[in-house]
1. Check the straight Cα-Cα distances from LYS68 and name the lysines below 18 Å, setting aside those fewer than 8 residues away within the same chain.
2. By counting other Cβ atoms within 10 Å of each Cβ, how are LEU130, LEU204 ranked from fewest to most?
3. Taking only the alpha-carbon positions of region 70-227 and ignoring solvent, what does the Debye formula give for the base-10 log of I(q)/I(0) at q = 0.08, 0.10, 0.16, 0.21 Å⁻¹?
4. Could you check the spin-label model distance between ALA142 and ASP196? Points 7 Å from the Cα along Cα→Cβ, value in nm.
Amino acid sequence: MNALRHTIDPLVRTPPQLMAAPCPSPSRHPPFPDRQRPAIASWLKRSVARPLACQAVPQDIASAASAKLISEQEIPAFIPRTDIMTQLYRWANIEGGTNGVQNFGANMVVTPYYIEDIEGGEEGEERRSLWGFDVDLMDDGAMVCKVGVRMDTLNVEKPNFIGIGEDGFPVNEGGVTSVLGKNLQIWKVGDETVTDSIREVLRLFCTSLMQSVNKYYAFGSPFTDEL
């Protein structure tokens, strides 16, 4: 899941048909509604802190004073990492950054996270790839919880060609290519106290994010409701 400022990123190009309705007034919808749901606390408590040295996470997460892994999902090797992250970043900007109060019960600030990438560029040319984003949950203009969405830094092998074996099952053919990024991870970053109301917001956001990943698998876009 360092102070962040809300910037307009060139990746956020939202077609008019994808824009949701304007956020309702915060005075009508408090940032963190007091709804008692015992399952919320147990859901977040199931995410336990793990040694960061074993997680192969990006350096900014590993160097954080406190970080807790909330969720992790392996991404198939054939999925382009920068494409799925770009789609999820745009989704988070619309659903959280623009309509966070309406959808999840809190104002959110979404900012991108890049890693250096010189592969495919000209010699000496420094390039960068979108590798995740941060989501700041806001209350009265102050950040009360930070979430980091990242691809990890593990490598996974992608077969160059898939053939059919004698038994009728698919087999790898033509060698393999190493792909950076194995798992999509959601981290709670920082040592801010997580109240029951914040847990509810996190539960809604994380559940919706994972549903968007499934929509990307099926349709190539997390915006299936608008297709």
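No value in this document is a laboratory result; all are computed from the given coordinates. This one's a predicted model, so the numbers in the text were calculated from it and none came from an experiment. Reconstructed Cβ throughout: ideal geometry from the backbone, glycine too, with neighbour counts over all protein chains shown.
1. Cα-Cα hits under 18 Å: LYS45, LYS146, LYS188.
2. LEU204, LEU130
3. Summing over Cα pairs of region 70-227 leads to -0.29, -0.44, -0.95, -1.37.
4. Distance between the two pseudo-spin positions: 2.2 nm.
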